[in-house]
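Right, one structure below, let's go through it.
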Amino acid sequence: MKQIITKSLQDILSPSVITFVIKIAILSLVSTFILSWFVWDLLSGLISAYVSWIPWGWLNAIITSLASVVVGYTLFIIMVSLLTALMSEKLLITLAKKHYPSTPIVGSADIRTSVLITLKSSGIFLGLFILLLPLIFIPILGQAVMLYLWSILLKAPTVYDVGSLFISDKKVLKEKSKQSTLIAMIGSLFNYIPLLNLFAPVFAQVLFLHHLLAKQKVWSE
């Protein structure tokens, strides 16, 4: 795993990945702004209703403000994840050819399926996020909860988008994806750092690519 992480870090610092991430960042900012414009009143209402049980007005206002920031940030993270899933195929193929030139490309991720998987993961993420929102403000526990939630957002889309390129047998992909939760959590660590959070989805994809293809290379040898 250490070698995989080292390779992945080297890859995400390459010009091609940085250019890709900048493009994703711009599109995600625009998309988040447009989405917030249409649904922010609804989200604000939900937040206000969620904290209405708090009797102290000052505490209610503080938690509402913090929750609004967290929700806005979360929408942005979701858009980064969705757009990365939709646009990363060419980049992943380039990295695969660079490190594993003998590995064939056996398929391609279906855009509709990729969107559905990402939306499903986002739905699960949002549902658990709303349910576990009070825990997020507890030091240490809150960070652990968010790391787990972010890993849910990344895990299934990463396995599908990367795996579809190199493995056609779903049973084989399932067998080789046993460490996908750990990989998603490692990638999600970037979400704690401003700007680096833009790299989280693609970092998880590159990690999984190396995890998948490094094993194939060993087995083929």
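The values are calculated or read from the model by the stated rules, or taken from the named source; none is laboratory data. Just so you know, these numbers come straight off a predicted model, no measurement behind them. Glycine gets a Cβ as well: all are built from the backbone with ideal geometry, and neighbour counts include every protein chain shown.
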Determine, yes or no, whether residue 20 is at pLDDT 85 or above, in a helix (DSSP H, G or I) and either surrounded by 11 or more Cβ atoms within 10 Å (Cβ to Cβ) or of a type in the set (A, V, I, L, M, F, W, C) (or both). yes
The stretch 71-105 - residue that is over 16 Å from the mean Cα position of the chain (by Cα) and over 17 Å from residue 205 (Cβ atoms) and, of those, modelled with the lowest pLDDT: 102
What single numbered condition from (1) in a helix (DSSP H, G or I); (2) in contact (Cβ under 8 Å) with a residue 40 or more places away in the chain; (3) among the hydroxyl-bearing types (Ser, Thr, Tyr) fails to hold for residue 181? (2)
Which numbered condition residue 215 misses (of (1) modelled with pLDDT under 85; (2) touching a Lys or Arg at 6+ places or on another chain (Cβ under 8 Å); (3) of a type outside the set (A, V, I, L, M); (4) closer than 17 Å to residue 81 by Cβ): (4)
Is it the case that residue 158 is under 19 Å from residue 188 (Cα atoms), among the β-branched types (Val, Ile, Thr) and out of contact with any His (no Cβ under 8 Å at 6 or more places or on another chain)? yes
Take the conditions modelled with pLDDT of 85 or more, closer than 30 Å to residue 173 by Cβ, of a type outside the set (D, E, K, R) and loosely packed, with under 13 Cβ neighbours inside 10 Å and apply them to residue 13. Does it pass? yes
Buried (at least 17 other Cβ atoms within 10 Å of the Cβ) and under 15 Å from the mean Cα position of the chain (by Cα), is that true of residue 149? yes
Considering only the stretch 115-137, I want to know if a residue exists there that is more than 30 Å from residue 70 (Cβ to Cβ) and over 15 Å from the mean Cα position of the chain (by Cα). no
Unmet criterion (only one of (1) modelled with pLDDT under 85; (2) surrounded by 14 or more Cβ atoms within 10 Å (Cβ to Cβ)) for residue 138: (2)
